[in-house]
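Take a look at the structure set out below.
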Amino acid sequence: MKTPAIWGVACALALAAAGEVSGQALFAEPLSPRLANYDIEARLDVESKTLDAKLLLHWTNSSDDELTELWMHTYLNAFRDGHSTFLANASAPYADVPEGEAPWGAIDIEYVKYAKGEYITGLAHISPDDGNLHDRTVLRVSLPDTLHPGQSIDLEVKFRSKLPRLLARTGYSRDFFLVAQWFPKIGVYEDVPGQQGRWNCHQFHPRTEFFADFGVYNVGITLPNRFKLGATGELQSQMPNPDSTTTWVFRAEDVSDFAWAASPRFVVRERQWEHVNLQLLVQPEHLHLAERYLEAAAQTLDHLDRNLGLFPYEKLTLIDPPFHGMAAGGMEYPTLVTLLGLDYLPEAFRQPEVVAVHEVAHQYFQGMLASDEVEEAWLDEGFTTYFELRVLADWLGEKNNLLDDWMGLRLGVLDMRRSALVAAQDAGIPPMASPSWQVPERYAGTLAYSKPALMLLTLERHLGRELMDKILRAYFEAWSFGHPRGRDFEALATRMAREEGNTALGADLTAFFDQCIRGNSVCDYAVQSIDNLDGESVLRLSRLGDMVLPSRVMVEFEDGQRVEEVWDGKSLEKQFRYQGKGRIVWAEVDPYQQNLLDIDMNNNSRSEDPASAPFWKYFLKFLFWLENAMLGTSLFA
């Protein structure tokens, strides 16, 4: 391996006696526990698509256990051959990767040793989830010496990463590189009350993402001079080398991952939002989208800053992939996101904004809260999608924020998310709390994105935006850099609703969360019939699903008078009888659309007008199927 220019220079792999990683500090005080810290130097060979690299890991055992082994992710081995757990269980396009040069992608470990020099020989790939002997995405490192509670370890790892053609949002396409999950990364060791702790270090599965501890990264990347580079963290220096390469040195603090992208075709555009420098690396053919991307990022940061809390980093990098590199689009990493701008779209189609809003919102939930994306995907994707819907509605309007007046058509992202829930809702849908790798593909997107976002919107519309914002801000403040679990949010929301005396969803929220998260209950309320008899009018309502939610009911009489009722939603049928008010001409259950989990809002209302009712029934069904068809264009993560 050629010696990279950074070796021994600005990003030298050396730790101070106190155990701090090298480099100039960005924050006056740490924001996180900084358990997993990395110094990495790497050289990219653009011809062979390989990275020759070394890393120095400084990791602290924060558990109460004596440890004799470490577990590490080696994600790129998912693309070593078609027998890995990832490729064996993936659908197209992953399962149809052309054979080409083998391996398609890999991480080969040359050695692991203590920083002081002793080599570690006890290395073995394991498959803790499925026992697949061909899978090599988890590496067990058996330690010669016990690592005691509170003790730190310094390991040096020399490795070579072979990048695949763009797969699972990592790899290369022509001269565009998105380099993610590219280095051996230590798993998370978790205490388990009353028993031995465990390594949370799952194999790389299709439809799962990532989970890691926070730390500090000093990373030096050497590549040809013609390339421009964007990465997690902040650029510390660019050093030209005699061999027509440049070494870029980055530092990132209080992050749980490090990713980067490079291309000679990038055009740099920037905008300042408050204290944050928004840097966009955009393809020249997408320059007309540059302001749309930057405005979407600024709108998202502004909304989340006001409603959740401060975005502490001073740099956010936005990567625009080329058309041939679309597989890199729509992904989030700490302080770096990839966008998705499809060519030749009409300006009325706001897909670039939608993807940008979603990915930037991830900076709070995947980035700073860093919940477990493998075991509880909904906790990241669902909250991100919820805020995506909020940002887009406040900025662009709820009914037209995806398609705005194109040939007379308007469509909102909320409609798309509801259509996704309806399309996937059947007797076989698993609970939302299911680990994502155990969820059949046809339900995966719905359970990670649409259903949790609609659950949160339903919660908001019952509790009110003011209380919901208090809960969300308290959640963010309590769990920033703390890896919250779903139960943590549930407990906090339940406690705060009780303290506020808000019983809109019952005495506490336990039953609501049980139905939505750990159950597969279906919500479907309907106006069954309107009977106008002599001297009496009768309204009959039905609960067609097994989810119980309270609902308002609006009734209109022939003289224009309206009456609003409240139904607790518990019984399968409910009747309201009226005497002396005249004929009922129209009635609707849930008129304010609080219960967004309701799978069929077409049956929520009924009219006595025989001419218009069938028209609206079939027109709404047409829109429903149109929304399902358009759902297929949703590519963002």
- [ ] Name every residue in the stretch 520-536 that is surrounded by 14 or more Cβ atoms within 10 Å (Cβ to Cβ), modelled with pLDDT of 95 or more and small (G, A, S), in order of residue number.
- [x] A526
TODO: From (1) among the aliphatic types (A, V, I, L, M); (2) touching a residue at least 40 places away in the same chain (Cβ under 8 Å); (3) out of contact with any His (no Cβ under 6 Å at 6 or more places or on another chain); (4) part of a helix (DSSP H, G or I), pick out the condition that doesn't hold for A393.
DONE: (2)
Open item on the list: Regarding the stretch 607-618, can at least one residue be identified that is surrounded by 11 or more Cβ atoms within 10 Å (Cβ to Cβ), modelled with pLDDT of 95 or more and part of a strand (DSSP E or B)?
Closed with: no
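Does the stretch 405-423 hold any residues that are assigned to a helix (DSSP H, G or I) and small (G, A, S), and which are they?
Within the stretch 405-423, the subset assigned to a helix (DSSP H, G or I) is 413-423.
Once the filter is applied, which keeps residues that are assigned to a helix (DSSP H, G or I) and small (G, A, S), the stretch 405-423 yields S419, A420, A423.
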Task: Close pairs from the stretch 106-133: first among the hydrophobic types (A, V, I, L, M, F, W, C), partner part of a loop (DSSP other than H, G, I, E, B), Cβ under 6 Å, at least 6 apart - done: A106/R80; I107/T74; V112/I120
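Which of the residues belonging to the stretch 547-601 are among the small types (G, A, S) and surrounded by fewer than 18 Cβ atoms within 10 Å (Cβ to Cβ)?
Of all residues in the stretch 547-601, those among the small types (G, A, S) come to 551, 560, 569, 571, 580, 582, 587.
Of everything in the stretch 547-601, those that are among the small types (G, A, S) and surrounded by fewer than 18 Cβ atoms within 10 Å (Cβ to Cβ) turn out to be G560, S571, G580, G582.
Do you know which residues across the stretch 495-518 are in a loop (DSSP other than H, G, I, E, B) and either in contact with a helix residue (DSSP H, G or I) (Cβ under 7 Å, 6 or more places away or on another chain) or surrounded by 15 or more Cβ atoms within 10 Å (Cβ to Cβ) (or both)?
At the first step, the residues of the stretch 495-518 found to be in a loop (DSSP other than H, G, I, E, B) are 500-509.
Passing the criteria: E500, N502, A504, L505, G506, D508, L509.
For every residue, the table says whether it meets (1) of a type outside the set (A, V, I, L, M); (2) outside the structural domain of K54 (by TED's automatic domain parsing); (3) in contact with a Ser or Thr (Cβ under 6 Å, 6 or more places away or on another chain).
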{"position": "F159", "(1), (2), (3)": "yes, no, no"}
{"position": "F177", "(1), (2), (3)": "yes, no, no"}
{"position": "W182", "(1), (2), (3)": "yes, no, yes"}
{"position": "I186", "(1), (2), (3)": "no, no, no"}
{"position": "G197", "(1), (2), (3)": "yes, no, yes"}
{"position": "Y217", "(1), (2), (3)": "yes, no, no"}
{"position": "P224", "(1), (2), (3)": "yes, no, yes"}
{"position": "S237", "(1), (2), (3)": "yes, no, no"}
Open item on the list: Checking the condition at pLDDT 95 or above, hydrophobic (A, V, I, L, M, F, W, C) and in the same structural domain as P224 (by TED's automatic domain parsing), which residue from A88, A106 passes?
Closed with: A106
Task: Cross-chain or 6+ apart pairs with Cβ under 7 Å, the stretch 469-486 first and in contact (Cβ under 8 Å) with a residue 24 or more places away in the chain and closer than 17 Å to P33 by Cβ, then in a helix (DSSP H, G or I) and not hydrophobic (A, V, I, L, M, F, W, C) - done: W479/D488
Open item on the list: What pairs come out if I take residues in the stretch 531-553 that are outside the structural domain of D514 (by TED's automatic domain parsing) and over 15 Å from G569 (Cβ atoms) and pair them with residues that are polar (S, T, N, Q) and crowded, with 20+ Cβ neighbours inside 10 Å whose C-beta lies under 9 Å away, six or more apart or interchain?
Closed with: D531/S537
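When you check A252 against the structure, is it under 18 Å from L26 (Cα atoms) and either in a strand (DSSP E or B) or in contact with a strand residue (DSSP E or B) (Cβ under 7 Å, 6 or more places away or on another chain) (or both), yes or no? First the steps, then the outcome.
Numbers: under 18 Å from L26 (Cα atoms): yes; either in a strand (DSSP E or B) or in contact with a strand residue (DSSP E or B) (Cβ under 7 Å, 6 or more places away or on another chain) (or both): yes.
It is true that A252 is under 18 Å from L26 (Cα atoms) and either in a strand (DSSP E or B) or in contact with a strand residue (DSSP E or B) (Cβ under 7 Å, 6 or more places away or on another chain) (or both).
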TODO: Name, by its number, the condition in (1) surrounded by fewer than 18 Cβ atoms within 10 Å (Cβ to Cβ); (2) closer than 25 Å to T384 by Cβ; (3) of a type outside the set (G, A, S) that does not hold for F489.
DONE: (1)
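Out of curiosity, is A18 at pLDDT below 95 and either assigned to a loop (DSSP other than H, G, I, E, B) or surrounded by 15 or more Cβ atoms within 10 Å (Cβ to Cβ) (or both)?
On the way: at pLDDT below 95: yes; either assigned to a loop (DSSP other than H, G, I, E, B) or surrounded by 15 or more Cβ atoms within 10 Å (Cβ to Cβ) (or both): yes.
Answer is yes for this residue.
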Task: Subset of the stretch 539-564 [more than 21 Å from N602 (Cβ to Cβ), assigned to a strand (DSSP E or B) and not aliphatic (A, V, I, L, M)] - done: F557, R562, E564
Open item on the list: I'm checking my understanding of the structure. Among residues of the stretch 360-386 that are among the aliphatic types (A, V, I, L, M) and part of a loop (DSSP other than H, G, I, E, B), which one is farthest from L597 (Cα to Cα)?
Closed with: A370
Open item on the list: Within the stretch 218-242, take every residue that is part of a strand (DSSP E or B) and under 22 Å from the mean Cα position of the chain (by Cα) and give me the one that is nearest to I40 (Cα to Cα).
Closed with: A231
Open item on the list: Tell me yes or no: at least one residue of the stretch 155-177 is of a type in the set (S, T, N, Q) and assigned to a loop (DSSP other than H, G, I, E, B).
Closed with: no
- [ ] Enumerate the strands (runs of 3 or more DSSP E) found wholly within the stretch 32-76, keeping only those where 1 or more residues are over 30 Å from T246 (Cα atoms).
- [x] 50-60, 67-73
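Take the stretch 471-486 and flag every residue that is part of a helix (DSSP H, G or I) and crowded, with 17+ Cβ neighbours inside 10 Å. Explain how you work it out, then say what you get.
Step one: filter the stretch 471-486 for residues part of a helix (DSSP H, G or I), giving 471-479, 486.
Listed by number, the residues that qualify are I471, L472, Y475, F476, W479, G486.
Hey, any hits in the stretch 446-458 for a residue that's more than 20 Å from I599 (Cβ to Cβ) and either surrounded by fewer than 20 Cβ atoms within 10 Å (Cβ to Cβ) or at pLDDT 95 or above (or both)?
So the first thing to find is which residues in the stretch 446-458 are more than 20 Å from I599 (Cβ to Cβ), and the list is none.
No, that holds for no residue.
Would you point out the residue of the stretch 424-468, among those that are among the hydrophobic types (A, V, I, L, M, F, W, C) and not in a helix (DSSP H, G or I), that is nearest to P33 (Cα to Cα)? It would help to see each step written out before you state the result.
Residues of the stretch 424-468 that are among the hydrophobic types (A, V, I, L, M, F, W, C), as a first pass: 424, 427, 429, 432-433, 437, 439, 444, 447-448, 453-457, 459, 463, 467-468.
Checking which are not in a helix (DSSP H, G or I) leaves us with 427, 429, 432-433, 439.
Numbers: A427: 43, I429: 38, M432: 30, A433: 27, V439: 32 Å.
Residue satisfying both the conditions and the ranking: A433.
If we scan the stretch 363-376, do we find a residue that is under 28 Å from P164 (Cβ atoms) and hydroxyl-bearing (S, T, Y)?
Kept after step one, since they are under 28 Å from P164 (Cβ atoms), are these residues of the stretch 363-376: 363, 365-367, 370-376.
Add one more test, that the residue is hydroxyl-bearing (S, T, Y), and what stays is 371.
Checking the stretch 363-376: at least one residue is under 28 Å from P164 (Cβ atoms) and hydroxyl-bearing (S, T, Y).
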- [ ] Count, please, the residues in the stretch 267-282 that happen to be in a loop (DSSP other than H, G, I, E, B) and in contact (Cβ under 8 Å) with a residue 40 or more places away in the chain.
- [x] 0
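The values are calculated or read from the model by the stated rules, or taken from the named source; none is laboratory data. Predicted model, so just to flag it, every value in this text is computed and none were measured. Using ideal geometry, Cβ is built from the backbone for each residue, glycine included, and neighbour counts are taken over all protein chains shown.
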